[in-house]
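The values are calculated or read from the model by the stated rules, or taken from the named source; none is laboratory data. Everything numeric in this text was worked out from a predicted model, so none of it was measured. Note that each Cβ is placed from the backbone with ideal geometry, even for glycine, and that neighbours are counted across all protein chains shown. Remember, those area values only see protein heavy atoms, side chains included, never the ligands or the DNA or RNA. Shrake-Rupley method; radii C 1.70, N 1.55, O 1.52, S 1.80 Å.
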Amino acid sequence: MTDHDDVQLAYQDSCSGPTLLLIHGFPLNSTMWDAEIDELGDLVRVLAPDLRGFGHSEGSTPPYSMRMLASDCLGLLEAAGVGDEIIVAGHSMGGYIALEILRQAPERVAGLILIATRAAADSPEGQVRRDETARQVQAVGPSELFDTMAVKMLAPENAEDEELTDFLRAMMADATEQGIVGALAAMRDRPDSTSMLPQIDVPTLVIHGRDDQIVPVAEAEAVAAAIPNAQLVILDNAGHAPNLEAPDDFVVAMWNFLESVGE
Ligand code: MLT
């Protein structure tokens with residue numbers, strides 16, 4: 001546990017070595033990275049926070065902002081004694097935060113991994129949907145959101161996989177209402193990062209599931225094309241949770257990239 005901005009944040013930490021910061025998506029938590037902490041923990045030190053209001057981390061009064069969530073992650077690095085450059089990896093909402101970290105503290109970032117995410121901001125219709133979702137969660141609870149997301153997160157071919165849907169549901173069950181509503185506002189108001197992509201000058205890996213139903217694969221292709229020298233890995237039989245749906249191929253892609261950054 002670490003204190004930041006009066007909020008206690010829980011996190012997982014693997015070993016010493018170059019640090020990989022793994023930022024989870026919405027409305028999940030650091031448990032989504034258990035396999036990566038296991039598989040990559042000997043190569044790099046993995047720090048995987050539960051964002052405020054998710055997993056074992058306390059919430060705070062909404063709204064949240066990307067700036068606040070990025071600053072939580074930077075504060076965690078400080079609390080964990082990580083003084084060096086890091087490799088930042090973010091899944092979906094975690095990718096929005098990773099781009100915000102790059103905006104706030106470019107000197108800390110030696111590598112970037114964007115997983116099932118996008119650079120564009122929400123459309124006006126998307127922003128209205130965020131508010132509707134927040135109102136619905138506050139009025140009747142998050143079950144409907146969780147039901148929809150547990151299915152949409154997976155590629156159609158994996159939607160019947162009970163082990164996967166149960167795992168996703170279990171993670172979602174740990175999200176607090178404050179966390180959900182706060183993060184919805186942060187996503188609604190996030191800046192468009194498209195114009196910063198051509199300026200990204202650190203090694204970058206873009207990983208995406210071919211059958212992502214939340215962020216179409218074309219968005220990842222556009223992001224990778226806009227970042228000089230980015231590598232793009234598209235995983236078959238995977239949707240919006242590629243590390244859970246295609247775990248072996250996912251870890252190989254991460255491993256190869258991390259090794260190349262370390263050389
Ligand atoms: C996520 O998986 O983090 C969210 O679906 C991202 C979003 O809603 O924009």
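With all pairs of different C-alpha atoms in the average, the Kirkwood value for the hydrodynamic radius of the range 175-251 is 14.1 Å.
In this structure residue 43 has an accessible area near 50 Å², from a 1.4 Å probe over the protein heavy atoms. In plain terms, the chain from residue 252 to residue 123 could stretch by 43.0 nm, reckoned as 0.36 nm per residue minus the Cα-Cα distance. In this label model, residue 8 and residue 160 are separated by 4.5 nm, measuring between points 7 Å along each Cα→Cβ vector. Protein-only accessible surface at a 1.4 angstrom probe places the residues 36, 157 in the order 157, 36, largest first. Panel values: the range 79-126, Kirkwood radius from alpha carbon pairs, Stokes-Einstein at 25 °C and 0.890 mPa s, translational diffusion coefficient 212 µm²/s. For the chain, the calculated P(r), taken from all Cα-Cα distances in 5 Å bins from zero up to the bin holding the longest distance, is 1, 6, 14, 19, 21, 19, 13, 5, 1, 0, 0 percent. Determine the share of the range 166-263's accessible area contributed by carbon and sulfur atoms, expressed in whole percent, with a 1.4 angstrom probe. Roughly 49 percent, rounded to a whole number.
When the solvent-accessible area of the range 1-91 is split by element, carbon and sulfur atoms take up 42 percent of it, the probe being 1.4 Å. Heavy-atom accessible area for residue 11, with the other protein chains in place and a 1.4 Å probe, reaches approximately 70 Å².
So what is the accessible area of the chain per residue, in Å², with the probe set to 1.4 Å? Could you put the intermediate results ahead of the total?
Working: 10920 Å² over 263 residues.
Dividing the accessible area of the chain by its residue count gives 42 Å².
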